[in-house]
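Inspection log for the structure reproduced underneath, given as structure tokens.
The values are calculated or read from the model by the stated rules, or taken from the named source; none is laboratory data. Computed from a prediction, not measured in an experiment: that's the story for all the values here. Cβ placement follows ideal geometry from the backbone for every residue including glycine, while neighbour counts extend to all protein chains displayed.
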Amino acid sequence: MRLAATLALALCVALAAPIAAKAAGDQPPGAAGAERMQRWAADHQAMIDARLDDMKDALKLTANQYPLWEIFETAVRNADKARMDDMRQMLENRERMSPVDRLDVVAGHMARRAADVKKIADAAKPFYDSLDDTQKRNFGVRWEDLGGDAGGTWVPAHWNSMQ
């Protein structure tokens, strides 16, 4: 079943590529990339919203847990927004930067990402401590679905099996 889905997706991409290339040729340089980034960012935002909503629903929070959830959710969303802003900035300025400049920018992004992940961890601790055992299990499952570090590198799911 998974193979059939993968093959169907590959076929769709292969068929759409010439059309996308033609459309990109009709636009000024960089316009197709900017448009693609906007669509990807909108899709990404919708996915984050859905996954956070799913996590909150699955946890079945009590009234006392909602304020702690809001702090945690805000930290996740802030980290995700910063990550998206960094990606957008990098794509917009990539052509104007030397390889050494890009390394410096990436180092800055990584430092900010580390600080953002620490903020998420700090927000998650009191929230996680307020959960019962069933909620903690659900948190773990939903956290993996969310990306594992929400705002960091967004580790692909298959990497978890390599650890």
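Look at (1) exposed (fewer than 13 other Cβ atoms within 10 Å of the Cβ); (2) part of a helix (DSSP H, G or I); (3) not hydrophobic (A, V, I, L, M, F, W, C) and you find that K81 fails only one, number (1).
Checking the structure you have, find out if any residue of segment 63-70 is in a helix (DSSP H, G or I), under 30 Å from R137 (Cα atoms) and either of a type in the set (A, V, I, L, M, F, W, C) or modelled with pLDDT under 90 (or both).
Keep residues of segment 63-70 that are in a helix (DSSP H, G or I), which gives 66-70.
Then drop every residue that is not under 30 Å from R137 (Cα atoms), which leaves 66-70.
Then drop every residue that is not either of a type in the set (A, V, I, L, M, F, W, C) or modelled with pLDDT under 90 (or both), which leaves 68-69.
Yes - at least one qualifying residue is present in segment 63-70.
Residues in segment 94-105 that are surrounded by 13 or more Cβ atoms within 10 Å (Cβ to Cβ) and hydrophobic (A, V, I, L, M, F, W, C): M97, V105.
Can we say S161 is modelled with pLDDT of 50 or more, of a type outside the set (A, V, I, L, M, F, W, C) and over 15 Å from A58 (Cβ atoms)?
Working: modelled with pLDDT of 50 or more: no; of a type outside the set (A, V, I, L, M, F, W, C): yes; over 15 Å from A58 (Cβ atoms): yes.
No.
Contact map, segment 95-112: first residue in a helix (DSSP H, G or I), second residue not small (G, A, S), Cβ cut-off under 6 Å, separation 6 or more or different chains; pairs are H109/D86.
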